[in-house]
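Working notes, structure below.
The numbers here are math on the coordinates, done by the rules we state, and not lab data. These numbers come from a predicted model, not from an experiment. Every residue, glycine as well, gets a Cβ built from its backbone with ideal geometry; the counts of neighbours run over all protein chains shown.
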Amino acid sequence: MPVIAAAADLKFAVTELAAAFKAETGKEVKLSFGSTGNFATQIREGAPFQLFMAADQKFIADLHSQGFTKDEGDLYAEGRIVLMVPHGSALKADETMDDLAATLEAGKITRFAIANPKHAPYGLRAEEALKHRGLWEKVQPYLVLGENVSQAAQFALSGNAEGGIIAYSLALAPEVRSQGEFALIPHDWHEPLLQRMALLKNAGPVAEEFYAFLKTPRVREIMKTFGFVLPTEG
């Protein structure tokens, strides 16, 4: 069974896609979710993944230039980030982060979660958005860093934090959405999250079939329900 390395923002979307693939073909893939940067390191060290779905296309480009992928792959989505707050938080979810600024000023923030910007693209975009709003220095003492954006979402909604910046795709999942409120952060506050996938050099026929399945119109419709659109789709 081929192992698919998928960025953590894909946790709910790709789980649904793998189930649809099994229902349609009778074939299974094993999913491994984590931070894009960590996966790229593991691939270079010989991890037996057959398909890599990255949250930032530059990781695919680097791996391709180093000979680890079959080709340059395909763009499958543009990701977005949201400010997410748990029910009962002192913080309100607003796209301008005005309330975050006021809550920081009032000393009412104790913990604020993002993914680790050093290896998680969603964490880096969160950092860029906070810098754009002029809040990066002010929020740093309260940051709790998730190993990936899925863990950051857990931290943001744990009740021990006032909130955090997570992936739109995770916020849209019923399991997460029921736990709090979110606001979509303007896309021009950070570099675009252009997400690309590629087959790795050791990919077998089932991985290739799953890759082809991921490019079908049916899959595009499922991806849209999780907030994933291609730049051409608006």
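Looking at the chain as a GNM with Cα springs under 10 Å, which of GLY204, GLY46, GLY123 has the largest mean-square fluctuation?
Taking springs between Cα atoms under 10 Å, the residue moving most is GLY46.
Which lysines have a Cα less than 17 Å from the Cα of LYS131, not counting those fewer than 8 places away in the same chain?
Output for LYS131: LYS118.
Taking R0 as 22 Å, what's the FRET efficiency between GLU28 and HIS87 from their Cβ-Cβ distance, rounded to 0.05?
After rounding to 0.05, the efficiency reads 0.05.
When the chain is modelled as a GNM with alpha-carbon springs shorter than 10 Å, which of GLU162, GLU221, GLU45 fluctuates the most?
Among GLU162, GLU221, GLU45, the largest GNM mean-square fluctuation belongs to GLU45.
Okay, helix-only estimate at 222 nm for the chain: each DSSP H run of n ≥ 4 adds -39500 (n - 2.57), divide by all residues, round to 500 deg cm²/dmol; what do you get?
-11000 deg cm²/dmol
Per residue, how big is the convex hull around the C-alpha atoms of the range 12-68? Give it to me in cubic angstrom, could you?
Working: hull volume 5.2 nm³, N = 57.
So the per-residue Cα hull volume is 91 Å³.
Please compute, over every Cα-Cα pair in the range 80-189, the percentage with a separation greater than 20 angstrom.
25
At 7 Å along Cα-to-Cβ for each site, give me the label-to-label distance between ALA19 and GLU175 in nm.
For ALA19 paired with GLU175, the spin-label model returns 1.0 nm.
I need the fraction of alpha carbon pairs in the chain separated by more than 22 Å, rounded to a whole percent.
Roughly 50 percent, once rounded to a whole number.
So if each residue of separation counts as 0.36 nm, and I subtract the Cα-Cα distance between THR110 and LEU230, what length gain in nm does that give?
39.6 nm
Under a GNM of the chain (C-alpha, springs under 10 Å), which listed residue has the highest mean-square fluctuation: THR25, THR69, THR15?
Most flexible of the set in this elastic network: THR25.
Tell me the relative contact order for the range 61-104 as a rounded percent, counting alpha carbon contacts under 8 Å between residues six or more apart.
Working: 21 pairs, mean separation 9.1, N = 44.
Over the range 61-104, the number comes to 21 percent.
Just subtract the alpha-carbon distance of ILE222 and LYS138 from 0.36 nm times their residue separation and send over the number in nm, one decimal.
Numbers: separation 84, 0.36 × 84 = 30.24 nm, distance 3.82 nm.
Between ILE222 and LYS138, full extension yields an extra 26.4 nm.
Restricting to Cα pairs below 8 Å that are 6+ residues apart, what does the relative contact order work out to for the chain? Please round to a whole percent. Write down the numbers at each step before the final one.
Numbers: 498 pairs, mean separation 73.4, N = 234.
Dividing the mean separation by the residue count of the chain yields 31 percent.
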